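Sharing a structure with you now.
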Amino acid sequence: MCNYTADTDSQTILVDGLLKEEFTMKKISKAEYIALRKRGESYMLEPVHDERLKEQLALTGEKLFNFLQQPLEDIRQWQLKRISYLVDYAFENIPLYRNKYSKVGYVKGSIKTWDDFYKLPYLRKEELIEGFPGEIVKDVDDFVLSTRSSGSSGKFVTIAVSEEAIYKDTLQTVRQFNMQSGQKYMPEDTILYIYTCPWWVDNIGGNYKQDYLPTTTRVDVAINHIKATRPRYISTYPTYLEKIASTGVKLSDYGVELVIVHSEQSDAKQRKMLAEALNVEVLDEYSSEELTRIALECPKHHYHLEEDACFIEIIDENGNRVPDGEIGLVVGTNLLNTATPIIRYIQGDLAKITKDQKCDCSNNGRIIEGVKGRNMDSIITDTGECIPASCFMDIAYNWFLVYEIPVHGLKYQFVQTEIGMLDLYIIEGEYSLDLDVVKKAIYTLVPKSTKVAVHKVDKLPYDNGTKYRPVISLVRR
Ligand SMILES: [Zn+2]
C-alpha cells in the first residue's frame with residue numbers, strides 16, 4: 001500500500017516518493033483491467049463477508065431501518081456532517097479532488113453549512129473517465145473492488161468501490177425490500193435478480209438470500225426457474241418484465257408478490273398494467289452505479305430519496321440550484337463510497353423535488369417526481385421476436401464480463417434501421433477493440449440470420465449531446 005504526503009503549500013502530492021504526475025502515469029494494462037472484476041468477485045465471495053454483514057446488521061440494523069423515519073431536519077444534519085467528512089477525505093486523498101478544490105481555494109474543514117457545500121464545483125463523468133486510474137483513487141490497489149457503468153450517457157466509466165460501501169449498500173437492500181413490500185420482507189425470503197451481473201454477496205449470514213439470472217436468459221427458461229424456485233421477490237428491467245408478461249403467466253401462481261423494476265424508465269401506467277397482467281405489485285427503483293439507490297417508490301407510489309445513500313440536488317443548465325417544484329438536472333453525492341468519492345456529480349437525468357413532502361407511508365425522505373432518464377427502444381428480429389433494449393445494454397456489459405473486452409471510456413449506440421438488420425457504432429475508449437469478438441457477442445442475442453454491422457467511429461450517428469440513447473429503433477411499428 002502506498003501513502004500520500006500532501007504538502008498544502010506547494011500543492012505537490014507525493015506517492016511513495018513519486019511525484020503525482022509519475023504516479024498518474026501508472027496505468028492499468030489491458031490484462032490488469034480485465035482481471036479487476038474477477039479479483040473483486042473472488043475477494044467478496046469469501047464467506048467471511050456474510051458473517052461480517054450479519055454482525056453489522058445486528059449492530060446497526062435498527063438505526064439504519066429507522067433512519068428515514070427521523071424528522072427531515074435531523075436527516076439533513078446527518079447528511080451535512082457526512083458530506084463534510086467526505087469532501088475533506090476526497091480533498092486530502094484523491095488527486096482529482098485535490099486539484100479541483102484547490103483551484104477554488106478549498107481548505108480542509110471548510111464545510112460547516114450547506115452554502116459552503118454548494119460552492120464546490122460539479123463533477124462530470126468525463127473527469128472520472130480521464131482521471132482513471134490514478135487520479136480517482138487514493139491507491140490504484142483500491143480498484144480491487146470496482147464497478148463499471150455506461151449510465152444514461154452510454155459511455156463507460158470505471159470507479160473503485162470501498163468494502164464499507166458494499167456492506168452498507170447490502171444492508172440498505174434489506175431496508176429497500178422492507179419498505180417496498182410494506183414490511184412483509186422476511187429474513188428467509190429470496191430475491192431473484194434478473195440482471196446484468198450478480199451482487200457482490202448473495203446472503204447475509206445465511207438469511208436474505210439473493211438468486212441471480214442474467215438478462216440474456218431466454219424468458220421461458222427464466223419462467224421455469226421462477227416456477228421451480230418460487231422467489232417471493234424479483235428485481236429486473238421493465239422491458240424484461242414486459243416480456244415475461246407477454247407470455248401470459250401470472251407470477252402470483254409461483255409465489256411472487258412484488259417485482260421491483262429499475263435501470264430503464266417506466267411510467268406509472270406501464271407498471272400498473274404489468275402489475276395487473278402478472279397479478280403482483282410492481283414498484284420502481286431509481287438508481288445508478290455511481291450514486292447507488294437514488295429514490296424508491298413506496299407502496300403509496302411516491303419516490304422517496306434514499307437520503308443516507310446519496311444526497312440529491314436539482315440544478316438548471318447554467319448550474320444554478322432550482323427551487324423545489326421545478327424540474328432540472330439531477331446532481332448527486334454518493335454518501336457510501338470513499339474509494340472513488342462521487343461529489344456533486346451530474347447524473348444526466350431530469351427530475352424535480354416536490355414541494356409537498358407529505359406521504360402516509362412514514363418515510364420522511366424528500367419526494368421526487370417526473371424522473372426522466374433512459375428512454376429506450378426494443379429491437380425486432382426477422383423472426384418477429386422483440387428483444388428488449390436492456391438485453392443490448394447487458395451485451396455491452398458482457399463485452400467486458402464474458403468476452404474480456406476492456407470497456408473503460410468506450411461509448412456505443414445500437415441502431416436498427418430495418419427489420420433483420422442491426423448496426424452498432426462504437427467510439428473506442430482507453431483500449432483497442434477486437435470487433436469480431438464484439439460481433440460474436442451480439443449473435444448470442446440475435447438470430448444468425450440478422451445482418452450485424454459493427455462500425456468504429458469518432459462520432460455516434462444519433463447523439464446531439466442532450467438526450468443520448470444507447471439503443472435506437474427507426475423501424476415503424
Ligand atoms: Zn411514501
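Return the pair list, or none, for Cβ contacts closer than 8 Å from residues in the range 357-371 that are β-branched (Val, Ile, Thr) to residues that are within 11 Å of the ligand (Cβ to nearest atom) and in a loop (DSSP other than H, G, I, E, B), at least 6 apart or on different chains.
Once the first residue is β-branched (Val, Ile, Thr) and sits in the range 357-371, its partners that are within 11 Å of the ligand (Cβ to nearest atom) and in a loop (DSSP other than H, G, I, E, B) give 367/302; 367/357; 367/359.
In the range 257-276, which residues are among the aliphatic types (A, V, I, L, M) and more than 14 Å from the chain's Cα centre (by Cα)? Quick ask: steps written out before the conclusion?
Of the range 257-276, the ones among the aliphatic types (A, V, I, L, M) are 258-261, 268, 273-275.
Result: 258, 259, 260, 268, 273, 274, 275.
Restricting attention to the range 352-380, which residues are within 16 Å of the ligand (Cβ to nearest atom) and modelled with pLDDT under 90?
Here is the first cut: in the range 352-380, the ones within 16 Å of the ligand (Cβ to nearest atom) are 353-369, 371.
The answer is 355, 356, 357, 358, 369, 371.
When only residues in the range 300-310 that are part of a strand (DSSP E or B) and closer than 19 Å to residue 259 by Cα count, which is farthest from the ligand (Cβ to nearest atom)? Don't jump to the end; show me each part of the working.
Step one: list which residues in the range 300-310 are part of a strand (DSSP E or B), which gives 303-305, 310.
Filter once more, keeping what is closer than 19 Å to residue 259 by Cα: 303-304.
Working: 303: 9, 304: 6 Å.
The residue in question is 303.
In this structure, is residue 412 surrounded by 17 or more Cβ atoms within 10 Å (Cβ to Cβ), hydroxyl-bearing (Ser, Thr, Tyr), modelled with pLDDT of 80 or more and in contact with a Lys or Arg (Cβ under 9 Å, 6 or more places away or on another chain)?
On the way: surrounded by 17 or more Cβ atoms within 10 Å (Cβ to Cβ): yes; hydroxyl-bearing (Ser, Thr, Tyr): yes; modelled with pLDDT of 80 or more: yes; in contact with a Lys or Arg (Cβ under 9 Å, 6 or more places away or on another chain): yes.
When the stated conditions are applied, residue 412 passes them.
Return yes when residue 402 is at pLDDT 80 or above, of a type in the set (Val, Ile, Thr) and more than 16 Å from the ligand (Cβ to nearest atom) and no when it is not. Steps first, please.
Details: at pLDDT 80 or above: no; of a type in the set (Val, Ile, Thr): yes; more than 16 Å from the ligand (Cβ to nearest atom): yes.
Answer is no for this residue.
In the range 277-299, is there at least one residue being more than 21 Å from the chain's Cα centre (by Cα), within 16 Å of the ligand (Cβ to nearest atom), of a type outside the set (Phe, Trp, Tyr) and closer than 25 Å to residue 370 by Cα? Break it down stepwise before answering.
Just the residues of the range 277-299 that are more than 21 Å from the chain's Cα centre (by Cα), to begin with: 277-281, 299.
Retained after the next criterion (residues that are within 16 Å of the ligand (Cβ to nearest atom)): 281, 299.
Retained after the next criterion (residues that are of a type outside the set (Phe, Trp, Tyr)): 281, 299.
Then keep just the ones that are closer than 25 Å to residue 370 by Cα; that gives 281, 299.
Within the range 277-299 (the criterion being more than 21 Å from the chain's Cα centre (by Cα), within 16 Å of the ligand (Cβ to nearest atom), of a type outside the set (Phe, Trp, Tyr) and closer than 25 Å to residue 370 by Cα), the answer is yes, since at least one residue qualifies.
Which pairs turn up if I take residues in the range 296-317 that are free of Cβ contacts under 8 Å to residues at least 24 places away in the same chain and look for partners that are more than 11 Å from the ligand (Cβ to nearest atom) and in a loop (DSSP other than H, G, I, E, B) with beta carbon separation below 6 Å, at least 6 apart in sequence or on another chain?
316/322
When both residues are 6+ apart or on different chains and their Cβ atoms are under 8 Å apart, which pairs have a first residue that lies in the range 78-107 and is over 17 Å from residue 121 (Cβ atoms), and a second that is surrounded by fewer than 16 Cβ atoms within 10 Å (Cβ to Cβ) and among the hydrophobic types (A, V, I, L, M, F, W, C)?
These pairs meet every condition: 80/114.
Moving on. Restricting the first residue to the range 118-135 and requiring it to be over 20 Å from residue 93 (Cβ atoms), which pairs with a second residue that is assigned to a helix (DSSP H, G or I) meet a Cβ separation below 7 Å and a spacing of at least six or different chains?
Close Cβ pairs (under 7 Å, with a partner that is assigned to a helix (DSSP H, G or I)) amount to 125/153.
Could you please let me know if residue 313 is within 16 Å of the ligand (Cβ to nearest atom) and within 20 Å of residue 111 (Cβ to Cβ)?
Numbers: within 16 Å of the ligand (Cβ to nearest atom): no; within 20 Å of residue 111 (Cβ to Cβ): yes.
Answer is no for this residue.
Select the helices (runs of 4 or more DSSP H) contained entirely in the range 147-259, then report the ones holding at least 3 residues which are in contact (Cβ under 8 Å) with a residue 12 or more places away in the chain, over 19 Å from residue 393 (Cβ atoms) and out of contact with any Phe, Trp or Tyr (no Cβ under 7 Å at 6 or more places or on another chain).
On the way: elements: 163-180, 219-229, 238-246.
By residue number, 163-180, 219-229.
Let me ask something else about it. Checking the structure you have, find out if any residue of the range 281-291 is of a type in the set (Val, Ile, Thr) and either buried (at least 22 other Cβ atoms within 10 Å of the Cβ) or not assigned by TED's automatic domain parsing to the domain that holds residue 122 (or both). Spell out the reasoning first.
Our first condition is that a residue be of a type in the set (Val, Ile, Thr); within the range 281-291, this holds for 282.
Okay, now just the ones that are also either buried (at least 22 other Cβ atoms within 10 Å of the Cβ) or not assigned by TED's automatic domain parsing to the domain that holds residue 122 (or both), so 282.
Yes; the residues of the range 281-291 include at least one that is of a type in the set (Val, Ile, Thr) and either buried (at least 22 other Cβ atoms within 10 Å of the Cβ) or not assigned by TED's automatic domain parsing to the domain that holds residue 122 (or both).
Take the residues in the range 425-440 that are under 24 Å from the mean Cα position of the chain (by Cα) and surrounded by 17 or more Cβ atoms within 10 Å (Cβ to Cβ); name whichever of them is farthest from residue 150 (Cα to Cα).
Start the filter on the range 425-440 by keeping residues that are under 24 Å from the mean Cα position of the chain (by Cα), which leaves 425-431, 438.
With surrounded by 17 or more Cβ atoms within 10 Å (Cβ to Cβ) added as a condition, the list becomes 425-427, 429-430, 438.
Numbers: 425: 15, 426: 13, 427: 13, 429: 12, 430: 14, 438: 16 Å.
Filtering first and then ranking leaves 438.
Go through (1) part of a strand (DSSP E or B); (2) more than 22 Å from the chain's Cα centre (by Cα) for residue 318 and report which single condition fails.
(1)
Check 127, 135, 92 and return the single one that is more than 25 Å from the chain's Cα centre (by Cα) and either at pLDDT below 95 or not assigned by TED's automatic domain parsing to the domain that holds residue 413 (or both). Let's see the steps before the verdict.
Numbers: 127 fails: more than 25 Å from the chain's Cα centre (by Cα); 135 fails: more than 25 Å from the chain's Cα centre (by Cα).
Sole residue among the options that is more than 25 Å from the chain's Cα centre (by Cα) and either at pLDDT below 95 or not assigned by TED's automatic domain parsing to the domain that holds residue 413 (or both): 92.
The values are calculated or read from the model by the stated rules, or taken from the named source; none is laboratory data. Since we're looking at a predicted model, the values are computed, not measured. All Cβ positions, even for glycine, are placed from backbone atoms using ideal geometry, and neighbour counts span all protein chains on display.
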